[in-house]
Amino acid sequence: MFRNEMGSKDKFDGQRKRGGRIAAFLGGVALSAVIISGALATTTQPPRLLAPPVSYEGQLSFADLVEKVSPAVVSIHTEKSTRVASLPPGFEDMFRNRYGAIPDERFQQEQRSVAEGSGFFIDSDGYVVTNNHVIEGAEKITVRLNNGVELEATIVGTDPGTDLAVLKVDAPEGQAYVRFADDVSLRVGDWVLAVGNPFGLGGTVTSGIVSALGRDNYSPGSYSDYIQIDAPINRGNSGGPTFDLRGRVVGVNTAIYSPTGGSVGIGFAIPASTADYVTSQIIKNGSVSRGWLGVSIRDVDNDLAMALQLDSTKGALVADVMEGTPAAEAGFESGDVVLQFDGKDIENARDLTRNVGAVEPGKTVRVKVARNGSFKNINVKLGERTEENVTASANTDDSKKLSMLDKLGVQFDSLTDQWREELGLDEEAKGVVVTGILPGSPAADAGLVRGMLVMKADGKVVKGRADLDKIIKKAKAEGREAIALRVQIGDRKDFRALPLSEE
């Protein structure tokens, strides 16, 4: 709003009377900040800024801040080889429809694909933070500095669970860097700046505010609650920093919500606390070690709260305890409701997973649980989370804990830029991508194949896996035996009938 109304000097000159009033008001705010700063000069904590800085013309200006932090932000260019079909479009569609992929390498050719992202230096040793999805699968990574110099980068380590990665370059002497804020107290409405490389343009700065905090529904499988911002970020901003008005990194831009593919003012950033912990672990160990309890958990709803004699739905219900795990050895029981973990209140199952994962394996922590109408403290020495024990934990769940899509034998993924490139879809395409089919399942019988885009289900637009699950559950509750899926294979659009039988 301020940029549109006051960003032009000509317009400002044409409205001097109005501008003078605004300048006077903002000057008063700035003066107040100076007085407060003087009053707090002897304390160790810097004062909270009351408004964005004011330039000599009386306009809002982030120029000093941008000049300070921009040299630490880089553009990231990646390259990798992919194999694409060389058949005529009609034959390609026929093969994909019948077999799910081009079956013979004779009908494929190698193609070099490139992608752009963002990152930033966190020290003078040449360590650069970015998103895991920016560099995943890359065969060559180039970091372009603010002054145009290009440096070849190597991967120090990645953490798909938080979508973070650390690169290493031979940084020039005196390379600027930024730090993660260690005392973030963001509030909804605080100003933030995003700096990055949207659409490969590089050195682009956008401003906005914190729209929401603690977003946990953007990426259900992640270990992070996200900061939602309305500073415009687009393709290529991934991995770039979000700054507060003191030039501290408060978040790492990782994704946007967009029905159109462009910015609509809803962006997500990984909080600085998470990014700092993860990147420190990667630099120190090359990977991230996470604590592990060995339990299956779920949220507590109102009915469960009443049945378990709880005052609220806060906490995580232990549905099952795996044998031989840290939880079993410590004395956890099925039916326990975890209320506190290592001194922190637990809101829900996701909150417990995130807190357990944030503790290093081998540490002994105290856990407060509700059991049979009373409270109990349990000391547990955490194990290390690995793919093997996570898979074993998942296998202890019975079929009732599987989602409806799992029962039907199909897996989906969000329509990312990588999928758009691989499937040759344009920016207007919407839906979810079929990533896996269980042979002999209802989904296989319906003719769903890997790489197929599902745009609509039962006439409703599908934006994510949760949408499909919800639509299918509703149809089953109504006693229906199948629903129609609107799908796209290559350039061809079609329908598939998905049986709702779980056998």
Checklist line | Residue count for the range 230-250, restricted to those that are farther than 16 Å from Asn197 by Cα and surrounded by 24 or more Cβ atoms within 10 Å (Cβ to Cβ) | finding: 2
Check: Restricting attention to the range 65-81, and to residues there that are surrounded by fewer than 14 Cβ atoms within 10 Å (Cβ to Cβ) and in contact with an Asp or Glu (Cβ under 7 Å, 6 or more places away or on another chain), which single residue is modelled with the highest pLDDT?
Finding: Glu79
Check: Right, Ala307: hydrophobic (A, V, I, L, M, F, W, C) and more than 16 Å from Gly383 (Cβ to Cβ) or not?
Finding: yes
Check: Within the range 344-391, how many residues are of a type in the set (Gly, Ala, Ser) and under 18 Å from Arg290 (Cα atoms)?
Finding: 5
Next item on the list: Look through Leu317, Leu304 and report the one residue that is over 29 Å from the mean Cα position of the chain (by Cα) and in the same structural domain as Thr353 (by TED's automatic domain parsing).
Entry: Leu304
Next item on the list: Please find, among Lys473, Lys430, Lys493, Lys460, the residue that is within 20 Å of Thr416 (Cβ to Cβ) and either surrounded by fewer than 17 Cβ atoms within 10 Å (Cβ to Cβ) or within 27 Å of the chain's Cα centre (by Cα) (or both).
Entry: Lys430
Margin query: Please count how many residues of the range 428-445 are modelled with pLDDT under 75 and acidic (Asp, Glu).
Written below: 0
Next item on the list: Name every residue in the range 142-192 that is closer than 18 Å to Leu213 by Cα, surrounded by fewer than 17 Cβ atoms within 10 Å (Cβ to Cβ) and of a type in the set (Gly, Ala, Ser), in order of residue number.
Entry: Ser185, Gly189
Next item on the list: Considering each residue of the range 140-166, count those that are out of contact with any helix residue (DSSP H, G or I) (no Cβ under 7 Å at 6 or more places or on another chain) and not small (Gly, Ala, Ser), and give that number.
Entry: 11
Check: Which of the strands (runs of 3 or more DSSP E) contained wholly in the range 126-181 include at least 3 residues that are of a type outside the set (S, T, N, Q) and over 15 Å from Ala115 (Cα atoms)?
Finding: 127-131, 150-159, 164-168
Item checked: Scan of the range 307-342 for residues that are within 12 Å of Ser296 (Cα to Cα) and among the hydroxyl-bearing types (Ser, Thr, Tyr), ordered by number -> Thr325, Ser334
Notebook entry, point to check: Can you spot a residue in the range 104-123 that is aliphatic (A, V, I, L, M) and at pLDDT 90 or above?
Noted result: yes
Item checked: Single residue of Leu453, Leu468, Leu448, Leu498 found to be under 25 Å from Tyr257 (Cα atoms), surrounded by 20 or more Cβ atoms within 10 Å (Cβ to Cβ) and either acidic (Asp, Glu) or at pLDDT below 85 (or both) -> Leu468
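The values are calculated or read from the model by the stated rules, or taken from the named source; none is laboratory data. On a predicted model such as this, the values are computed, not experimentally measured, just so you know. Every residue, glycine as well, gets a Cβ built from its backbone with ideal geometry; the counts of neighbours run over all protein chains shown.
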